[in-house]
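K.L.:
Here you go, one structure.
The values are calculated or read from the model by the stated rules, or taken from the named source; none is laboratory data. All of these numbers come straight from a predicted model, not from anything done at the bench. The area values use the complete protein model at the heavy-atom level, side chains included, leaving out ligands, DNA and RNA. Shrake-Rupley method; radii C 1.70, N 1.55, O 1.52, S 1.80 Å.
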Amino acid sequence: MAEHKGKKFVFPENVESGYGIFLGITLKELLLYLVPPIVIGLIIVALPPHNVWLMLFKFMLLLIVLIIILAFLSSRPIRHRPNIRFQDYVKLRNQFTSRQKLFYIRKKQNRFLK
């Protein structure tokens, strides 16, 4: 088999494949995580009764939910690694805690002879 000729490209782990549209969030993430709460929120706002205070409460609730979602999507838990998002960080932590651990057992010393 012939040796590969030409330049070999190595991409480091800290390169993201997506392009951040808003607050470093990709268009796919915006559509996936923000459109359903907006649609559900608008449906809830459109439901009767249409009291002014109730409508204000519904809008405020929708706004709080959207702000929380944007905060989780745009947060970067590791300051020096801007490519690691909160979702990735939580996934890595869960994988680490659920992996098989390797423990070394020290040889028992004779406790009765001194």
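K.L.:
Just from its helices, what would the mean residue ellipticity at 222 nm be for the chain, if runs of 4 or more DSSP H residues each count -39500 (n - 2.57) and the sum is divided by every residue, rounded to the nearest 500 deg cm²/dmol?
P.N.:
Values: 4 runs with 55 residues, N = 114.
For the chain, the value works out to -15500 deg cm²/dmol.
K.L.:
At a probe size of 1.4 Å, how large is the accessible area of residue 93, to the nearest 10 Å²?
P.N.:
130
K.L.:
Here's another thing I want to ask about it. Tell me the Rg and the Dmax, in Å, that the Cα atoms of region 55-114 produce.
P.N.:
23.6, 80
K.L.:
Just for the Cα atoms in region 20-97, what are the lengths along the principal axes, largest first, rounded to whole Å?
P.N.:
If we take the Cα atoms of region 20-97, the spans are 48, 29, 19 Å.
K.L.:
Where in the chain are the DSSP H helices whose alpha-carbon span along the long axis reaches 27 Å or more and whose Kyte-Doolittle mean is at least -0.5? Could the numbers behind the result be given before it?
P.N.:
On the way: long enough: 52-74 (33 Å, 2.83).
Length and hydropathy pass: 52-74.
K.L.:
Then there's this: How much length is gained if the chain between residue 106 and residue 88 is pulled fully straight, taking 0.36 nm per residue apart and subtracting their Cα-Cα distance, in nm to one decimal?
P.N.:
2.9 nm
K.L.:
How much accessible surface does residue 50 have with a 1.4 Å probe, in Å² rounded to 10?
P.N.:
120
K.L.:
Next question, about the same structure. Probe radius 1.4 Å, ligands and nucleic acids ignored: give me the carbon and sulfur share of the accessible area of the chain as a rounded percent.
P.N.:
Details: 7400 of 10870 Å².
Ligands and nucleic acids excluded, carbon and sulfur give 68 percent.
K.L.:
Another question, then. Could you provide, to the nearest whole Å², the per residue accessible area of region 20-97 with probe 1.4 Å?
P.N.:
Numbers: 5840 Å² over 78 residues.
Here the residues of region 20-97 average 75 Å² of exposed surface.
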